[in-house]
């Protein structure tokens, strides 16, 4: 039943707070409040809301309308049956720190989303990073209404993407063409071989670095490769959850392994079900610190994959063969390498492959 409470404002004018309370089995299951300047407006609102709430699904719709974006994000993370990638989870949790997360779903429009993009850009994030944030957030908008009845507007997200791109807040990543020189790699390898001698329990980066090059594997893929997925007789390995533009979870791909990569695997001890039982964070942090220590500028671990793919073209492999190693699903992605011509093997005679696959690495 609805009631009206009359109150006086500071300026002496009257205000009318309309209250609607819905009970079921003598228990309150829903309540709403709204203030009006006129009693007639308050009375009309009570009549309308009671009718709406008594309609089938009315209570559920009203309660869903009060859900915030943060609530929707939490529900997606909690209820997703598919394992959610670490990056996506981190991004969605980071968005909860922004004002938009505290807004009710039905109150969020394209301007709010553009405001989030602006705040991300003002915080120093690059356009491609802002685009990734909005892309992950769009997953929440895509399922909130059809799955849970939360009033998030997918059109508002689409409009925000258009505006953000026009304003330069978002953008696609520029293709990097940074490749390590042999001198840089020699310094990195000496650094990590020395580290393995001083700290035998640390990640064997002196093996992981050349493996990344010759196998063309990403660091998160390297850390997941299991002995059970390695088939030396067929010179291939099953790469689980390989990254792709759609959905990497469950995207398992058999990839050919060049001979140098197989030699490195065979040099690893079987101390774990994984060949390289080290975390992605440990691998990435070790490489970043080494480059900083050695004064090597703007070299990332992922550049090793780019160098490895480039090498395959330079030794004369065609696109289908390169794709069988790199795991690229679309040959279109490999067209960026078509300018490369067969020039021979950059790593022919490279001494480090023999050193890291020797039985006694420290002695070598």
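Cα gyration tensor of segment 215-364, axes a ≥ b ≥ c as square roots of the eigenvalues: rounded (a/c below 1.5), prolate (a/b > b/c) or oblate?
Details: a/c = 1.28, a/b = 1.12, b/c = 1.14.
In terms of gyration-tensor shape, rounded.
So what is the calculated 222 nm ellipticity per residue for the chain, using -39500 (n - 2.57) for each DSSP H run with n of 4 or more, over all residues, to the nearest 500 deg cm²/dmol? Don't jump to the answer; show the numbers that get you there.
Values: 15 runs with 169 residues, N = 364.
So the calculated ellipticity at 222 nm is -14000 deg cm²/dmol.
If we count other beta carbons within 10 Å of each Cβ, what is the order of 241, 122, fewest first? Mind dumping the intermediate values first?
Numbers: 241 17, 122 9.
Lowest to highest Cβ neighbour count: 122, 241.
Would you work out the relative contact order for the chain, in percent, from Cα pairs under 8 angstrom that are 6 or more residues apart? Provide the component values of the computation, followed by the final result.
Working: 467 pairs, mean separation 41.9, N = 364.
Contact order relative to length: 12 percent.
If packing is taken as the average count of other Cβ atoms within 10 Å, what order do 7-14, 126-133, 26-33 fall into, highest mean first?
Details: 7-14: 8.1, 126-133: 17.8, 26-33: 10.9.
Final packing ranking: 126-133, 26-33, 7-14.
Using a 7 Å offset from the Cα along the Cα-to-Cβ direction at both residue 228 and residue 198, what is the distance between the two label points in nm, to one decimal?
In this crude spin-label approximation the distance works out to 3.8 nm.
Measure nothing fancy, just the Cα-based angle from helix 86-95's long axis to the longest principal axis of the chain, in degrees from 0 to 90, nearest 10.
The angle comes out at about 30 degrees.
With r as the distance between the Cβ atoms of residue 154 and residue 89 and R0 = 25 Å, compute the FRET efficiency 1/(1 + (r/R0)^6) and round to 0.05.
Numbers: r = 22 Å, r/R0 = 0.86.
After rounding, the FRET efficiency stands at 0.70.
Nearest 10 degrees is fine. How inclined is helix 302-314 to the longest principal axis of the chain, computing both from alpha carbons?
50
Taking the mean number of other Cβ atoms within 10 Å as a proxy for protection, how do you rank 327-337, 105-115 from highest to lowest? Each step should come with its number before you reach the end.
Working: 327-337: 14.2, 105-115: 18.0.
Packing order, densest peptide first, comes out as 105-115, 327-337.
Can you pull the Kirkwood radius for the chain, inverse mean 1/r over Cα pairs, to one decimal in Å? Intermediate results must be reported in sequence, preceding the final value.
On the way: mean 1/r = 0.0401 Å⁻¹.
Hydrodynamic radius (Kirkwood, Cα pairs) of the chain is 24.9 Å.
In whole Å, how far is the Cα centre of segment 5-22 from that of segment 239-313?
65
Which FRET efficiency value, to the nearest 0.05, do you get for residue 165 and residue 13 by plugging their Cβ-Cβ distance into 1/(1 + (r/R0)^6) with R0 = 41 Å?
Working: r = 47 Å, r/R0 = 1.15.
In this case the efficiency is close to 0.30.
For the ranges 294-300, 18-24, what's the packing order if you count other beta-carbon atoms within 10 Å of each residue, average per peptide, and put the highest first?
18-24, 294-300
In what order do 77, 222 fall by count of nearby beta-carbon atoms within 10 Å, going from fewest to most?
On the way: 77 15, 222 21.
Sorted ascending by nearby Cβ count, the order is 77, 222.
Which of 346, 321 has the fewest other C-beta atoms within 10 Å, and how do the rest follow up to the most?
Numbers: 346 17, 321 13.
The fewest-first ordering by Cβ neighbours comes to 321, 346.
Assuming a ≥ b ≥ c are the square roots of the Cα gyration tensor eigenvalues, decide whether segment 69-166 counts as rounded (a/c under 1.5), prolate (otherwise, with a/b larger than b/c) or oblate. The partial results should precede the final answer.
Values: a/c = 1.68, a/b = 1.22, b/c = 1.37.
Note, shape of segment 69-166 comes out oblate.
Note down the nm distance, to one decimal, between modelled labels 7 Å out along Cα→Cβ at residue 280 and at residue 345.
The modelled label-to-label distance comes out at 3.1 nm.
Please work out the FRET efficiency for the pair residue 44 and residue 119, using the Cβ-Cβ distance as r and a Förster radius of 56 Å; give the result to the nearest 0.05. Numbers along the way, then the final one.
Numbers: r = 39 Å, r/R0 = 0.70.
It comes out at approximately 0.90.
Cα centroids of segment 316-331 and segment 95-130: how far apart, whole angstrom?
Using only Cα atoms to place each centre, the spacing works out to 38 Å.
Where a ≥ b ≥ c are the square roots of the eigenvalues of the C-alpha gyration tensor, would you call segment 2-64 rounded, which needs a/c under 1.5, or, failing that, prolate if a/b is larger than b/c, or oblate? Each step should come with its number before you reach the end.
Numbers: a/c = 2.76, a/b = 2.18, b/c = 1.27.
Since a/c reaches 1.5 and a/b is larger than b/c, the shape of segment 2-64 is classed as prolate.
Rule-based calculations on the coordinates, nothing more; no lab input. Every value quoted in this text rests on a predicted model; they were computed, and no experiment measured them. Using ideal geometry, Cβ is built from the backbone for each residue, glycine included, and neighbour counts are taken over all protein chains shown.
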